[in-house]
Amino acid sequence: LEGHGESSFDSTFSNAIEKENLDYETINLMDYDEVPEDASCVVINAPTSDFSADDTEKMLSYMEKGGDIFFVSCYTGEAHENIDRLLDYYGVNVKEGLIIETDRGHYYQDPFYNGSYVFAPYAQGITIEEKEDVTIAELLSSSDNSYLRNDISGVDSYEKQDSDEDGPFQIGVKCEKSAGEETSTAIIYTSSNMFTNDANMIVSGTNVKLFTA
């Protein structure tokens, strides 16, 4: 999708899509009455502005018919009520703020960077609400020593503050929701820089392997 400040994929990741023999195109939902029926999956990559109510209804209708999504969140410091509605369909909430990782085995140079084999810089935290018709598999998580800071403006210390929320937090999940006779699957990650060439190079290509999988 485009139209909400989404990022396009770097060449490493767009090439990986093509090597999987997948065809894709970029669309703006404003130009469509509904998500195209031939769409096997809708990719929403790091939107920086909220969806309109109209775009949200189009996406919800698609998901309710068994449509799949690949969603990567982007920290902006602002509320995104309509995007929250989409994620809530699967019982997922992406919390405002960023995870600070204090386990030295899980961060790279800067405690706002999370990951070891997979590099997930500037990640938000996921919390999950159990729903009867949704199954959620945890893909990536921060350590027990991590915590989430809601206000990162003017951060001059990584020491835990009273207002910081204790981890661990999910950074990536796979959700499957029953939709009549169909099942809607959502892959959700919370690091907007994760699927970029720069992040991928730091871990010698592991991020693109995760993306392809």
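Points worth noting:
- Test for Thr127: is it modelled with pLDDT under 90 and of a type in the set (Val, Ile, Thr): no
- Once region 44-59 is narrowed to residues that are hydrophobic (A, V, I, L, M, F, W, C) and over 10 Å from the mean Cα position of the chain (by Cα), the residue that is nearest to Glu96 (Cα to Cα) is Phe51.
- Of all residues in region 60-72, those that are closer than 27 Å to Ser191 by Cβ and either within 16 Å of the chain's Cα centre (by Cα) or open to solvent by 30 Å² or more (accessible area, probe 1.4 Å) (or both) total 5.
- Filtered by the rule that a residue be hydroxyl-bearing (Ser, Thr, Tyr) and within 21 Å of the chain's Cα centre (by Cα), region 115-166 gives Ser116, Tyr117, Tyr122, Thr127, Thr135, Ser141, Ser142, Ser143, Ser146, Tyr147.
- Entry remark, region 15-32: residues being open to solvent by less than 50 Å² (accessible area, probe 1.4 Å) and closer than 20 Å to Gly172 by Cβ number 2 in total.
- Wholly within region 1-113, strands (runs of 3 or more DSSP E) carrying at least 1 residues that are at pLDDT 95 or above and farther than 30 Å from Gln161 by Cβ: 41-45, 68-72
- Restricted to strands (runs of 3 or more DSSP E) entirely inside region 133-213, those with at least 2 residues that are open to solvent by less than 70 Å² (accessible area, probe 1.4 Å), among the hydroxyl-bearing types (Ser, Thr, Tyr) and in contact (Cβ under 8 Å) with a residue 40 or more places away in the chain are 182-189.
- Hits in region 117-143 (condition: small (Gly, Ala, Ser), touching a Lys or Arg at 6+ places or on another chain (Cβ under 8 Å) and closer than 19 Å to Glu96 by Cα): Gly125
- Pairs with Cβ under 9 Å, 6+ apart, first in region 33-58 and open to solvent by 60 Å² or more (accessible area, probe 1.4 Å), second charged (D, E, K, R) and outside any loop (DSSP other than H, G, I, E, B): Asp33/Lys58; Glu34/Lys58; Ser40/Asp68; Cys41/Asp68
- Qualifying residue in region 85-95 (condition: of a type in the set (S, T, N, Q), open to solvent by less than 30 Å² (accessible area, probe 1.4 Å) and within 13 Å of the chain's Cα centre (by Cα)): no
The values are calculated or read from the model by the stated rules, or taken from the named source; none is laboratory data. Here the structure is a predicted model, which means the values were calculated and not measured. Reconstructed Cβ throughout: ideal geometry from the backbone, glycine too, with neighbour counts over all protein chains shown. The protein model used for the area step is the full one, side chains on, heavy atoms only, and it has no ligands, DNA or RNA in it. Shrake-Rupley method; radii C 1.70, N 1.55, O 1.52, S 1.80 Å.
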